[in-house]
1. With every protein chain in place, what's the accessible area of Trp55 (1.4 Å probe, Å², nearest 10)?
2. Sort Asp176, Asp251 by accessible area with a 1.4 Å probe, largest first.
3. Kindly provide the trypsin sites (Lys or Arg not before Pro) of the range 211-293 that DSSP labels as loop, not H, G, I, E or B, and whose Cβ sees at most 13 other Cβ atoms within 10 Å.
4. Just the accessible area for Tyr230, please: 1.4 Å probe, Å², rounded to the nearest 10?
5. Toward the positive end of the charge dipole of the range 56-146, about the Cα centre and with charges on Cβ (Lys, Arg +1; Asp, Glu -1), which of Asn133, Phe83, Ala64 goes farthest?
6. Before rounding to the nearest 500, sum -39500 (n - 2.57) across all DSSP H runs of length at least 4 in the chain and divide by the residue total; then give [θ] at 222 nm in deg cm²/dmol.
7. Per residue, what accessible area does the range 1-149 have, given a 1.4 Å probe and all protein chains present, in Å²?
8. Over the range 1-145, how many percent of alpha carbon pairs lie in each 5 Å bin up to the one with the longest distance?
Amino acid sequence: MRLSTSTNILFERTYEAPVDPLQCMEICQRAGYTVLDFCFHDLTTYASDFMTDNWKAYMNRVKAKADELGIEFSQGHAVVYDFCRPEVDHQHFEEILKKCIEGAGILGIKWLVMHPSTVMDTAEPYKDSRKENIRFFTKWCEFAKQHQVGLAIENMWDCHISPIKLYCTTAEEMVDLIDAVPGLGACWDAEHGAIMQQNQAKALQLLGHRLKATHISDYTNVQDIHLLPYLGKTDWDEVMAAFASIDYEGDFDLEIHRYLTKMPMENVEQAIALSFQIGQSLLELAKHKKETN
């Protein structure tokens, strides 16, 4: 595993505007990162260059800056599109998703992470959600393949909307969906797994070769999420033992955009450097556990 973090690390800023990925890349590179996750979703939430007709020129600027800095984008996060909800503007979101996939191709991203969706207004939520997700991801995996990009679904968590159960909160449901859709992979979100109190070693072992990407963060409660590891409740000894129990060849991606929301900009680079050190220590922990097992 290589360590990475997302360009969303400086997006949620309490007292100032979000930091554009071009600037974020420079800060992360100085802090030690050479592998990044590109978050397309952030760019869809405000009047960014990505949301203009000149979006391809913007993506090419990002690619040129990454090459200049020696940064590789190994995974990305597509727009969050709850495609099973009938009231959503599907034409709008499908146009954005198409841009996300083509943009991922420009950046050389191997795996673009997406959320599965849940059919709510039905007596058979699992059956209907499975059918709709197979239809949706079959279509978009075929399109992504044309741009040398793979799609990976992320495990969800549903404690915040109980008693409704979201589709694909378990590795079992993820495996069933992935095996039904050619080219689809898995992204394991360790924080979501911890919130759902899952046995992460057994979940990762079940995902096996299907695991292509990760989201790594900590939490204190369901409102305070996406924190730097060791700042919350997660048992990181257990999580790294889980990763040590499998042969995972992807990257270990710190998705920690709530970590620096109030951090003054003059302290940001030092704080990101700390995240790099913590991430490297976690990888060393996994390596040690693999060697001693």
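1. Probe radius 1.4 Å; accessible area of Trp55 about 30 Å².
2. Reading off the accessible areas and sorting them downward yields Asp176, Asp251.
3. The qualifying sites are Lys233, Lys262.
4. Estimated to the nearest 10 Å², Tyr230 gives 120 Å².
5. Selected residue: Ala64.
6. -14000 deg cm²/dmol
7. Counting only protein heavy atoms, the per-residue value for the range 1-149 is 46 Å².
8. It works out to 2, 9, 18, 21, 18, 14, 9, 6, 3, 1, 0, in whole percents.
The values are calculated or read from the model by the stated rules, or taken from the named source; none is laboratory data. Source: prediction; values computed, not measured. Positions of Cβ are generated from backbone atoms using ideal geometry, with glycine treated the same way; all protein chains shown enter the neighbour counts. Heads up: the accessible areas ignore ligands, DNA and RNA and are worked out on the full protein's heavy atoms, side chains in. Shrake-Rupley method; radii C 1.70, N 1.55, O 1.52, S 1.80 Å.
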